[in-house]
Amino acid sequence: MAPISLQDLISSLPVTDTWGPPVTNETTLDGVPYQPYSKGDKLGRMADWTEGKDRDRGGRQQYGGRNYRVDQQAYGANQTNNPFAIQLAEEEATFSVVDNTRTSARTRGFGRGGGTIFRGRGQRGGQTQRGGRGTFQRVGGGRGGQQGYDNRGGRGGRGGRRFGWRDDKPQRNRDASVNVKPDWQMLEEIDFNRLSKLNLETGDGEEIDSYGFLYQYDRAYDKNPGAKTSERRLNVLERAAYNVTTSSDPIIQELADKDEATIFATDNILSVLMCATKSVYSWDLIFTRRRNQVFIDKREGSNIDMVTVNENATDAPLEISEGNKDTVNSPHALMLEATHINNVFPLQVVIEGESSKREMANPHPFYNPEEETDPPASKAYRYRRFDLSLEKDEEPLHLIVRTELDAIARNNINGEDQFMTIKALNEFDNKAQGSGGALDWRSKLQSGRGAVLATEMKNNSCKLARWTTQSMLAKADAMKLGFVSRANPRSNNDHVILGVLSNKPRDFANQMALNPANGWGIVRTIVDMCLKMPEGKYVLVKDPNKPTLRLYQVPEHTFEEEVEETQTVQEDEDEE
């Protein structure tokens, strides 16, 4: 048989018009719809062994020298409708990459020690009692049991966040400072972004009257802060101090009867509202509208009387329920300790005596020598008025605030008295959790006081802003900041004064980027909301976990039952 050539073989094949699969009018192939595509379309990967691991680390890979998101890759068409994209099989969901890299768990050291007992007595005279003496607070380590503060708002702080896809720290769920009841009607909800944009320029204010007396400040505490030779033990002195809310102040009640202003408050309460955007912990204030006047009060047992510690720190102190095994450094224990220090520290740094005493225009408004066995603490009360009016207002809007001063200092140049407020920062343990990267005060306060103060401004910006605002409201010439540390980091019972730094309130506010005009804008905004509402009682609550304020309308007798129960218990304790 003769061989067949390739040309003959090709000639013997049937002749067709086209090359390739036969043409058909069917639009489906085994149930798969046909979709046109272009050469620029990309197909999905057959296998990606790094996808699951990289998603946990932020979902990014390096392709061609640039960041590439595997979960956001753009194919030629919509990926969800692209039949050419590879769909993960069900069994691949259980696939995981085995990582043999050794990891070492970091541990933190905690100190040990007992708890602090803050001594004091509760309130005498409720808010509804005219001329009531309000809260009487025993300063120091005198008789009495533990102060009944409401610490529900002091849980935790803001946890630090890492840059990445996930946060390895659980979200802290703090409790509100007050329980919102079902019969409370929410009227307004304002976030901090809106509050930070408010602005109201207000003058320095005018003084209406002054009460009480002041002792002279001991300048010996200003020498060589941080030096070993300057350390002094913090002593506890028995003095009578008062913390009366707005509606219980007899002087404010008289001024309200004379229609001297529309808004009434104390500097402690007003500073909370003016510095609201810097707060992290929850707090609440009571707004009572009577006729055309607004009284801003604190609730009995309110946590605004407590001095917080490292509230604004990135890694704030943890609660016991959050895994903190160091009870002495829990938020509530630190607040009790800081409040105790700020009560006794101003009493020790003054020179008591008739020769160094400065009497104000009127006697002490709350001290009654017939009832008290201890002498009154050095304290002066200035009642000052501020104009919050706008050009569009038909009638002026004034605010009267009761401010406090702690001591005076003689000016050696002109012989005039300088009024001052006295506060204290406290160091607990710079190596413990929640210290916020604080420096060792004993070794750094003398040589690097600027760095120490800058760290405190970062970790305690809300507390320092409130103190500065109170000093400016009182028109103080100076603000003394004491640095008090534990004698033993593991015990919060004994403390040492390392030194005192002096600052002018206005200059200190500029260093902290504190804008008083923003605080006045917040006050005017909240008061305008209350003035538009009918007469009654309203509660402003800072959300415990969000930078948000909420205004509620509450029944008229809200909190009054709690006050009566507290007074009954206190009277029983006094009788015993």
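The values are calculated or read from the model by the stated rules, or taken from the named source; none is laboratory data. No experiment lies behind these values; they were computed from the predicted model shown. Please note: Cβ atoms are built from the backbone with ideal geometry, for glycine as well, and neighbour counts cover all protein chains shown.
Summary of values
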quantity: All positions within the stretch 456-493 that are of a type in the set (Ser, Thr, Tyr), touching a Gly at 6+ places or on another chain (Cβ under 7 Å) and within 16 Å of residue 328 (Cα to Cα); calculated: 491
quantity: Counted residues, the stretch 256-280 - those being farther than 14 Å from residue 523 by Cα, in contact with a Cys (Cβ under 8 Å, 6 or more places away or on another chain) and assigned to a loop (DSSP other than H, G, I, E, B); calculated: 2
quantity: Members of the stretch 240-255 found to be surrounded by 21 or more Cβ atoms within 10 Å (Cβ to Cβ) and either of a type outside the set (Ser, Thr, Tyr) or free of Cβ contacts under 8 Å to residues at least 12 places away in the same chain (or both), listed by number; calculated: 240, 241, 244, 249, 252
quantity: Contacts under 6 angstrom Cβ, first residue in the stretch 324-339 being within 13 Å of residue 304 (Cα to Cα), partner surrounded by fewer than 24 Cβ atoms within 10 Å (Cβ to Cβ) and among the hydroxyl-bearing types (Ser, Thr, Tyr), 6 or more apart; calculated: 336/116
quantity: Qualifying residue in the stretch 555-571 (condition: at pLDDT 95 or above, acidic (Asp, Glu) and either under 30 Å from residue 347 (Cα atoms) or not assigned by TED's automatic domain parsing to the domain that holds residue 222 (or both)); calculated: no
quantity: Scan of the stretch 352-400 for residues that are crowded, with 17+ Cβ neighbours inside 10 Å, within 25 Å of residue 342 (Cβ to Cβ) and either without any contact (Cβ under 8 Å) to a residue 24 or more places away in the chain or aromatic (Phe, Trp, Tyr) (or both), ordered by number; calculated: 366, 367, 381, 383
quantity: Residue in the stretch 349-360 that is more than 30 Å from residue 488 (Cβ to Cβ) and touching a Gly at 6+ places or on another chain (Cβ under 8 Å) present; calculated: yes
quantity: Top-ranked residue in the stretch 158-213 [being small (Gly, Ala, Ser) and closer than 24 Å to residue 311 by Cβ; ranked as modelled with the highest pLDDT]; calculated: 196
quantity: Filter pass, residue 386 being aromatic (Phe, Trp, Tyr), closer than 21 Å to residue 460 by Cα and modelled with pLDDT of 95 or more; calculated: no
quantity: Test result for residue 292, under 25 Å from residue 493 (Cβ atoms), surrounded by fewer than 24 Cβ atoms within 10 Å (Cβ to Cβ) and touching a residue at least 40 places away in the same chain (Cβ under 8 Å); calculated: no
quantity: Residue that is modelled with the highest pLDDT, among those in the stretch 318-338 that are surrounded by fewer than 23 Cβ atoms within 10 Å (Cβ to Cβ) and among the hydroxyl-bearing types (Ser, Thr, Tyr); calculated: 327
quantity: Subset of the stretch 437-453 [of a type in the set (A, V, I, L, M), assigned to a helix (DSSP H, G or I) and more than 16 Å from residue 227 (Cβ to Cβ)]; calculated: 451, 453
quantity: Where a residue in the stretch 466-493 is in a strand (DSSP E or B) and its partner, wherever it lies, is of a type in the set (Asp, Glu), with Cβ under 6 Å and at least six apart; calculated: 485/427; 487/494; 492/337
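A quick yes/no check of all residues on (1) on the phi > 0 side of the Ramachandran plot; (2) surrounded by 15 or more Cβ atoms within 10 Å (Cβ to Cβ); (3) in contact with a Ser or Thr (Cβ under 9 Å, 6 or more places away or on another chain):
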| position | (1), (2), (3) |
| --- | --- |
| 495 | no, yes, yes |
| 498 | no, yes, yes |
| 501 | no, yes, no |
| 507 | no, no, no |
| 510 | no, no, no |
| 516 | no, yes, yes |
| 520 | no, yes, yes |
| 526 | no, yes, no |
| 532 | no, no, no |
